[in-house]
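Notes for the one structure printed next.
Derivation of every value follows stated rules applied to the coordinates shown; laboratory data play no part. Just so it is clear, the model here is predicted, and its values are computed rather than measured. Please note: Cβ atoms are built from the backbone with ideal geometry, for glycine as well, and neighbour counts cover all protein chains shown.
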């Protein structure tokens, strides 16, 4: 259902997307396994954000209190949707919350994936300095391969330059 809501939102059918996401949320809340429930709610929050219901998306994300990875990823996705909607200040605030949560994640892979989501959102807000800072923190933690997406958003030519440097060696 989340995929349907996301597809509807991307096709511009925001009201239909919000209705499907609301139905999916009701179902997700009945999932017994906490990790699966958190993952489902995270996807629903992002789908709601993409449908333009940013407030409801944030409300859903805030209810994910037992899985910082799912909550951080949801908030990063919401921040990206807000940035795409031209709501840069709100996007930056949500990204900041996602970054704080990311630093509480103990699994290095999950933490780096969340930080990459934050860096991507920050890049879309136009805050290149903050996006670079978060991407650099991911690289410094030894997870440099996960930082590829925000680096591409910030400086597509960086990879061309890197490729040329490697060819010269």
>> To check my understanding: the extent here is largest minus smallest coordinate of the Cα atoms along each principal axis. What are those three numbers for the stretch 69-144, in Å, largest first?
In response: 32, 23, 14
>> If neighbour count is taken as other Cβ atoms inside 10 Å, put 33, 127 in order from fewest to most.
In response: 33, 127
> Using 0.36 nm per residue, how much length does the chain from residue 4 to residue 35 gain when fully extended, once their Cα-Cα distance is taken away?
Replying inline: 9.0 nm
